[in-house]
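Presented below is the structure to which this report refers.
Please treat every number below as a calculation from the coordinates, not as lab data. Values in this document were obtained by computation on a predicted structure and should not be read as measured data. Here the Cβ positions follow ideal geometry from the backbone for every residue, glycine too, while neighbour counts run over all protein chains shown.
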Amino acid sequence: MSNKLVSALFAAGFAVMMMSSTSFAADETLAEFHVEMGGCENCHANEEPSADGAYEFEQCQSCHGSLAEMDDNHKPHDGVLTCADCHSPHEAKVGEKPTCDTCHDDGRVAK
């Protein structure tokens, strides 16, 4: 399946979700949003964080796809970062987009 088709299907699904009875508060964290869809087990095995975050990363990819399958902002990070490195699920609010400045503007990583 092409990336354009996957992106279009994801966008359509997201639009339907946003118009459905499931909604989120502007100050809701990603974790709170995801727990409404089935509990902590959506991300964690036995409701507990894994020691290395690998299980949670697999869970992200099972719904959202791998970094290699995503847009040009995500592709270069495939094999280097996990989703939680940029999207802190227990702190980040739904709809917030992380900025690249954290790593790329302070000299730690070249742009």
**Request:** Please sort 45-56, 65-76, 28-39 by packing, taking for each peptide the average over its residues of neighbouring beta carbons within 10 angstrom, highest first.
**Result:** 28-39, 65-76, 45-56
**Item:** Cα gyration tensor shape for region 58-108, rounded if a/c is under 1.5, else prolate or oblate
**Value:** oblate
